[in-house]
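Below: one structure, written as structure tokens.
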Amino acid sequence: MANQLSNIKACVFDAYGTLFDFNSAADRCRDVLGDKADELSAVWRTKQLQYTWLRGLMGRHKSFWEVTGDALDFAMDTVGVNDGALRERLMGLYYHIDAFP
């Protein structure tokens, strides 16, 4: 078995949605978001993936953090939330999202 693994040059693992619960940031803001937390989280993650794919296809790279912020802006607009302090809170929480149990 050791000989079979000796030619590996890289190993890639998808952490978000597998190890890390990307919903946890919005969950921790239910005090402000209320019943909009689930929708915001779903739109945020969907748009984050879409922006990543589109930027990759167009060759217009942005950092993961920039894409995450752009997606959050879209999600907040979509659910009708306009709160700069909440945006900063959500981004800070996303930087330290929870792992699944």
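Of everything in segment 40-55, what is surrounded by fewer than 15 Cβ atoms within 10 Å (Cβ to Cβ) and either farther than 14 Å from PHE22 by Cβ or of a type in the set (Phe, Trp, Tyr) (or both)? Give them in sequence order. Within segment 40-55, GLN50, TRP53, LEU54 qualify. Taking GLU88, is it at pLDDT 95 or above and under 17 Å from ALA37 (Cβ atoms)? Considered against the rule, which asks whether it is at pLDDT 95 or above and under 17 Å from ALA37 (Cβ atoms), GLU88 comes out as yes. Within this structure, PHE64 fails the test of being among the aromatic types (Phe, Trp, Tyr) and closer than 21 Å to PRO101 by Cβ. In segment 2-19, the residues that are more than 24 Å from ASP98 (Cβ to Cβ) never reach a residue that is modelled with pLDDT of 75 or more with C-beta atoms less than 8 angstrom apart, at least six apart or across chains. Residues in segment 34-55 that are in contact with a helix residue (DSSP H, G or I) (Cβ under 6 Å, 6 or more places away or on another chain) and in contact (Cβ under 8 Å) with a residue 12 or more places away in the chain: 10 in all.
The set of residues in segment 56-95 being out of contact with any helix residue (DSSP H, G or I) (no Cβ under 7 Å at 6 or more places or on another chain), surrounded by 10 or more Cβ atoms within 10 Å (Cβ to Cβ) and closer than 19 Å to ASP14 by Cα consists of GLY56, PHE64, TRP65, GLU66, TYR95.
Annotation note: Cβ proximity below 6 Å between a residue of segment 59-84 that is in a helix (DSSP H, G or I) and a residue that is open to solvent by 50 Å² or more (accessible area, probe 1.4 Å) and among the acidic types (Asp, Glu) (sequence gap 6+ or interchain) occurs for VAL79/GLU39.
Within the bounds of segment 1-21, is there any residue that is part of a helix (DSSP H, G or I), of a type in the set (A, V, I, L, M, F, W, C) and within 15 Å of LEU93 (Cα to Cα)? No, every residue in segment 1-21 fails to be part of a helix (DSSP H, G or I), of a type in the set (A, V, I, L, M, F, W, C) and within 15 Å of LEU93 (Cα to Cα).
The values are calculated or read from the model by the stated rules, or taken from the named source; none is laboratory data. All values derive from a computational prediction rather than experimental measurement. Quick reminder, even Gly has a Cβ in these numbers, built from the backbone with ideal geometry, and neighbours come from all protein chains shown. Note: accessible area is taken over every heavy atom of the protein model, side chains too, but ligands, DNA and RNA are not part of it. Shrake-Rupley method; radii C 1.70, N 1.55, O 1.52, S 1.80 Å.
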